[in-house]
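Working notes for the structure below.
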Amino acid sequence: MSMVSTRDLEILFGIFDLKHPGVVLRPGFLRTAAIVDGLGEETKEDELDGIFSAFGEVRSVVLDGEGYSGERVGLVVFPDAGACSDAITLPPSADYRSISSAVGLSRDLLIEAVCWPRKRRGENKFCNARNLIGLLFTVAPDVAEDPTFIERSVFLKEVTPLTTSADLMKRCFALEVDVAVLVRDSETSERTGLVVFANAGDVCVATNLTPSPAMYRRCVPAHSVHHTLQTVLEAADDHQRRRGNADTLRSLIPPQYLKSDASMDFHLRCLYLRSSRAIDPSQGVYNLCCIAEKLLSVRGKVCAAVVSEALDAAVLVFDDSQSTDKVGSAVSCLPAGSVAVYDSSLFPLPDREIAGGSDQLPLRGMLPELFTQPEYLGRVVVLRGIDAEECDPREIAYHIAGFGLKMEALYVHRAEGHVSATTPEAAILGQNLRMADPARAPGRGVFPAGSAGSGTGAGAGACCTAVPRGVS
């Protein structure tokens with residue numbers, strides 16, 4: 001068999017079934033079918049028909065514009081098994097890389113191809129179209145509610161991990177863009193994008209540009225994807241259903257993080273979980289960090305870690321979006337129910353004004369909404385004497401766990417040089433930090449020696465100060 005993906009095969013046999021209903025499931029059909037892989041960019045159906053007609057009258061040729069692997073694939077169905085057996089002996093040519101028999105494919109795959117809802121067959125090139133439009137309702141609802149936005153939009157396939165929504169808006173096309181959004185496929189980690197231009201005429205300009213391999217591989221007009229209008233309605237419903245989980249995530253994120261998110265990829269840097277057999281919010285931040293590193297293969301540098309029993313949620317925020325790219329594949333290898341992970345790429349968090357005004361209360365923007373509530377008075381502390389540029393909350397959590405204390409949250413604001421923590425045992429934490437020997441602090445200077453006020457010189461090492469009640 002060729003190395004064509006199951007998804008591509010379902011598409012090919014599904015399209016054939018539309019042309020020849022009922023044939024796919026007939027006994028002996030697979031002995032008459034051949035899979036053609038690595039088709040040339042200019043190869044057309046009539047050309048393949050001409051190549052294989054030497055073995056008898058070809059019943060049908062089906063081509064998929066671009067397979068899941070990024071290469072064009074095709075299906076050729078011959079009049080009988082003998083003709084197919086002869087055809088697959090042909091060597092590779094300029095029109096294709098290989099041809100192989102379909103014998104060996106499971107009947108379940110054929111049933112899936114025949115039963116696959118027709119409305120999805122036209123969307124196979126951009127299976128995340130619905131998710132992308134759903135993000136649009138969050139990021140730019142005025143654009144999503146404009147009935148003309150589809151005519152002004154393009155879908156981008158295979159967007160590179162280093163490309164951000166801001167790049168798509170400002171650097172990618174040199175055209176006026178209203179909004180751009182990215183989503184990451186939870187199974188493959190492949191990123192796809194949606195760009196809405198200010199002018200409908202720019203769609204033609206964008207699709208005729210040579211793709212930039214450093215940003216994306218393929219660009220198609222959104223209106224060319226079948227059933228797009230139905231997809232918009234479904235995406236609007238998805239947006240409404242996700243609002244509860246989106247609000248929970250936002251309540252755990254400091255507004256300052258979103259205010260400084262110039263790349264517009266903050267949601268891609270989050271690992272968003274709920275309680276499960278492996279994740280227990282009541283065990284605190286240190287347990288969350290250990291489980292994430294052990295089970296989910298995340299290795300990047302963390303800037304925030306938070307758990308909430310009340311909201312049944314846990315979040316890790318990383319310095320870069322590549323740190324969370326492999327979480328989906330890691331979860332798929334675990335026993336069912338071990339870890340419950342939300343796809344954070346579906347929960348963009350556009351910046352909002354900070355309630356109360358950041359000028360009057362600078363600390364308020366560095367605390368999430370949840371921890372400004374009255375029940376958290378006296379539980380939020382500022383950690384001083386820590387190098388915010390270099391520290392990692394996982395190492396801070398490890399150090400504090402050594403005192404037998406449970407942390408609910410740790411937030412590092414690197415640009416502002418600010419580190420805060422939330423714990424029900426704030427007073428005990430302060431006592432332990434004042435008594436701790438700075439030389440024993442773990443983690444490459446996470447708790448460097450220095451005074452409480454300046455963080456320089458010898459002395460008390462890390463210490464904490466309670467956040468004033470007025471902030472809440």
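The values are calculated or read from the model by the stated rules, or taken from the named source; none is laboratory data. Nothing here was measured: the structure is a model prediction, and the numbers come from that model. Please note: Cβ atoms are built from the backbone with ideal geometry, for glycine as well, and neighbour counts cover all protein chains shown. Side chains included, ligands, DNA and RNA excluded: accessible areas come from the protein's heavy atoms. Shrake-Rupley method; radii C 1.70, N 1.55, O 1.52, S 1.80 Å.
Below are the figures for this structure:
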item	result
Euclidean distance of C-alpha centroids, the range 5-25 and the range 139-193, integer Å	31 Å
Heavy-atom surface of the range 377-420, accessible at 1.4 Å and reported per residue (Å²)	34 Å²
J(HN,Hα) series, the range 36-42, from Karplus relation 6.51 cos²θ - 1.76 cosθ + 1.60, nearest Hz, glycine and proline x	10, 10, x, 5, x, 4, 9
Using θ = phi - 60° and Karplus 6.51 cos²θ - 1.76 cosθ + 1.60, couplings along the range 377-394 (whole Hz; Gly, Pro as x)	4, x, 9, 9, 10, 9, 8, 10, x, 10, 7, 5, 5, 10, 6, 10, x, 4
Share of carbon and sulfur in the accessible heavy-atom surface of the range 117-265 [1.4 Å probe, %]	51 percent
Gyration tensor (alpha-carbon) shape descriptor, the range 84-223, a/c threshold 1.5	prolate
Accessible area of the range 381-420 belonging to carbon and sulfur atoms, whole % at 1.4 Å probe	44 percent
Anisotropy class of the range 11-100 from Cα gyration tensor, a/c 1.5 cut	oblate
Average accessible area per residue (Å²) across the range 272-317 - probe 1.4 Å, nucleic acids and ligands excluded	39 Å²
Relative packing of 281-291, 40-50, which averages over residues the other C-beta atoms within 10 Å, highest first	281-291, 40-50
Whether the range 215-264 is rounded, prolate or oblate, judged on the alpha carbon gyration tensor where a/c under 1.5 counts as rounded	oblate
